[in-house]
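**Student:** Quick one: structure below, then a few questions.
The values are calculated or read from the model by the stated rules, or taken from the named source; none is laboratory data. Only a predicted model underlies this, so the values are computations on that prediction, with no experimental measurement involved. Counting neighbours? That spans all protein chains shown, and the Cβs are built from the backbone with ideal geometry, glycine included.
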Amino acid sequence: MDAILQFDSSILLWMQDSLRGAADPIVKVITHLGDKGILWIALTLVLLAFRKTRRLGVFCMVSMLIGLLVTNLVIKNWVARVRPYELIDGLQRIIEAQHDYSFPSGHTTNSLACAWVLFRRAPKKYGVTALVLAILISLSRLYVGVHYPTDVLGGAVIGICSATLALWLVPKLEAKIPAMKKLY
C-alpha cells in the first residue's frame, strides 16, 4: 500500500470508528445538499434572476462551469481512481454507491467554486455562511465513506482555482464584450 493510500485509509477508518453514530442522519442530509450541484446551481439561478446580484451569479456560473469541465470531464476520467469503499478493507459507506470515479471530489469542487466566489464578492455574512456550508459538504464526503481525503483536497484546490479564474476572466470578457455590462 503506497503512502498516500495508507494516509487516506487511516483517516477514513478513524472517522468510521470514532465519529459515526448519532450524527449519521444529519451528515447524510449535508452530503446530499451537494448532489449534482443542485443547491449551488439553484443559488446561482436566484442570483442571476435579479439585476442587483446578476454579476455575482455570472461569477458563480462561470466558476462552476470551469470546475465541472476540469473535474468531471477531464481529471476524473484521466486519473480513474476507484472509490475508497471498493479498496479499503473494513470501510463501509453509509450512502448509496457512487457511479463515477473518486478523484477529485465533484461535490467539493462545485461547492468551493461557488462558495469561494461568494466569500470573495458577497457581503461577509453570506460569503462566510456559503464557505462553511461548502466545507461541511466536503468533509461529509469523507464521513459517509465515498471519498478519500486527497480527493476532497484536490476538489478544494480545483474549486478555489476555478473561482479565482472566474473572478479574473469575467471582467476580461466584460471589457471585450461591452453588451455584457447591460445585463447588470
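**Student:** Pairs, please: C-beta under 6 Å, at least 6 apart or cross-chain, first residue aromatic (F, W, Y) and in segment 160-184, second at pLDDT 95 or above?
**Tutor:** Pairs that qualify, where the first residue is aromatic (F, W, Y) and the partner is at pLDDT 95 or above, are Y184/R54; Y184/R55.
**Student:** Just one of S138, S102, S111 is touching a Gly at 6+ places or on another chain (Cβ under 6 Å), among the small types (G, A, S) and surrounded by 24 or more Cβ atoms within 10 Å (Cβ to Cβ); which is it?
**Tutor:** S111 is the lone residue from the list that is touching a Gly at 6+ places or on another chain (Cβ under 6 Å), among the small types (G, A, S) and surrounded by 24 or more Cβ atoms within 10 Å (Cβ to Cβ).
**Student:** Within the group V132, V117, which residue is surrounded by fewer than 18 Cβ atoms within 10 Å (Cβ to Cβ), at pLDDT 95 or above, in a helix (DSSP H, G or I) and hydrophobic (A, V, I, L, M, F, W, C)?
**Tutor:** Being surrounded by fewer than 18 Cβ atoms within 10 Å (Cβ to Cβ), at pLDDT 95 or above, in a helix (DSSP H, G or I) and hydrophobic (A, V, I, L, M, F, W, C) holds for just one of V132, V117, which is V132.
**Student:** Among (1) more than 19 Å from L131 (Cβ to Cβ); (2) in a helix (DSSP H, G or I); (3) touching a residue at least 12 places away in the same chain (Cβ under 8 Å); (4) among the small types (G, A, S), where does S102 come up short?
**Tutor:** The single condition S102 does not satisfy is (2).
**Student:** Taking the residues in segment 85-99 that are part of a helix (DSSP H, G or I) and of a type outside the set (A, V, I, L, M) as candidates, determine which candidate is surrounded by the fewest Cβ atoms within 10 Å (Cβ to Cβ).
**Tutor:** Only one residue fits best here, namely E86.
**Student:** Could you count how many residues in segment 145-157 are surrounded by 24 or more Cβ atoms within 10 Å (Cβ to Cβ) and either at pLDDT below 95 or in contact with a helix residue (DSSP H, G or I) (Cβ under 6 Å, 6 or more places away or on another chain) (or both)? Lay out the reasoning, then the answer.
**Tutor:** Here is the first cut: in segment 145-157, the residues surrounded by 24 or more Cβ atoms within 10 Å (Cβ to Cβ) are 146-148, 151-152, 155.
In the following step, the residues that additionally are either at pLDDT below 95 or in contact with a helix residue (DSSP H, G or I) (Cβ under 6 Å, 6 or more places away or on another chain) (or both) were identified as 147-148, 152, 155.
Residues meeting the conditions: 4.
**Student:** Across segment 75-84, what is the number of residues that are part of a helix (DSSP H, G or I), of a type in the set (A, V, I, L, M, F, W, C) and under 23 Å from K28 (Cβ atoms)?
**Tutor:** Of the residues in segment 75-84, 0 are part of a helix (DSSP H, G or I), of a type in the set (A, V, I, L, M, F, W, C) and under 23 Å from K28 (Cβ atoms).
**Student:** Six or more apart or on different chains, Cβ atoms under 8 Å: show the pairs whose first residue is in segment 29-44 and within 22 Å of A166 (Cβ to Cβ) and whose second is of a type outside the set (S, T, Y) and not in a helix (DSSP H, G or I).
**Tutor:** W40/G34
**Student:** Going by what's in this entry, would L167 be described as touching a Ser or Thr at 6+ places or on another chain (Cβ under 8 Å) and assigned to a helix (DSSP H, G or I)?
**Tutor:** Working: touching a Ser or Thr at 6+ places or on another chain (Cβ under 8 Å): yes; assigned to a helix (DSSP H, G or I): yes.
Criteria met by L167.
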